[in-house]
1. Which ones in the range 65-102 are in contact (Cβ under 8 Å) with a residue 24 or more places away in the chain, assigned to a loop (DSSP other than H, G, I, E, B) and either open to solvent by less than 70 Å² (accessible area, probe 1.4 Å) or out of contact with any Pro (no Cβ under 7 Å at 6 or more places or on another chain) (or both)?
2. Of the residues Glu13, Glu58, Glu52, only one is at pLDDT below 90 and either part of a helix (DSSP H, G or I) or among the basic types (Lys, Arg) (or both); which?
3. For the range 25-55, which positions are under 22 Å from Phe139 (Cβ atoms), out of contact with any Asp or Glu (no Cβ under 9 Å at 6 or more places or on another chain) and open to solvent by less than 70 Å² (accessible area, probe 1.4 Å)?
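The values are calculated or read from the model by the stated rules, or taken from the named source; none is laboratory data. What you are looking at is a predicted structure, and each value in this text was computed from that prediction instead of being measured. Every residue, glycine as well, gets a Cβ built from its backbone with ideal geometry; the counts of neighbours run over all protein chains shown. These area figures cover heavy atoms from the full protein model, side chains too; ligands, DNA and RNA do not enter into them. Shrake-Rupley method; radii C 1.70, N 1.55, O 1.52, S 1.80 Å.
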Amino acid sequence: TCALPISAETASEYQRRWADSLGVEVESENQFGIRFVLIPPGEFLMGYSEEELQRELEGAKYASERENLMASSKPTMVRISFPFYMSKYEITEEERFLVIGTDHSSPTVLDLEYDPVRPRSRSGEHPATRVPWDDALLFCQRLNEKCGLGKSDTMIEGGRLTRDRKSTRLNSSH
């Protein structure tokens with residue numbers, strides 16, 4: 001593990017050493033063109049500092065934004081226990097469509113909360129937004145299946161993301 005805080009250079013070196021020890025690449029790309037990066041085990045502090053929180057609250061236009069900021073702002077130490085791959089960039093509408101085969105571009109009731117003057121872009125190149133949790137899990141499951149990884153070895157148990165300990169496979173062919 002690395003002592004916090006660390007520089008970007010130290011983090012990259014730590015990531016490279018983990019990739020070497022696992023015999024995988026730090027970055028890989030699947031058949032859908034989605035780029036993945038290796039996330040090694042470690043700890044980090046997630047949340048806003050007081051200054052960051054105040055700045056974000058001042059910029060929030062809607063009460064719901066302020067409520068979400070307050071609910072998720074408390075700094076929390078996060079421990080990653082096992083290495084995994086994560087998409088390097090946000091999943092786009094097009095990537096979501098290619099994997100799941102459904103269009104997420106139609107407005108929903110949730111859209112009514114947002115400023116109607118600010119149009120929502122629904123180009124395939126734009127990030128998939130306002131995706132329900134179950135749809136996000138379905139995307140991950142289908143992506144694993146289509147890339148030959150079988151059923152996902154991660155699952156949600158009591159609100160916590162866990163890993164099936166029987167599976168030790170870390171595949172860079174996503």
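1. Answer for the range 65-102, where residues must be in contact (Cβ under 8 Å) with a residue 24 or more places away in the chain, assigned to a loop (DSSP other than H, G, I, E, B) and either open to solvent by less than 70 Å² (accessible area, probe 1.4 Å) or out of contact with any Pro (no Cβ under 7 Å at 6 or more places or on another chain) (or both): Ser73, Lys74, Pro75, Phe82, Pro83, Lys88, Tyr89, Ile91.
2. Glu52
3. Initially, the range 25-55 is screened for residues under 22 Å from Phe139 (Cβ atoms), giving 27-39.
Applying the additional criterion that residues be out of contact with any Asp or Glu (no Cβ under 9 Å at 6 or more places or on another chain) yields 27-31, 39.
Of everything in the range 25-55, those that are under 22 Å from Phe139 (Cβ atoms), out of contact with any Asp or Glu (no Cβ under 9 Å at 6 or more places or on another chain) and open to solvent by less than 70 Å² (accessible area, probe 1.4 Å) turn out to be Glu27, Ser28, Asn30, Ile39.
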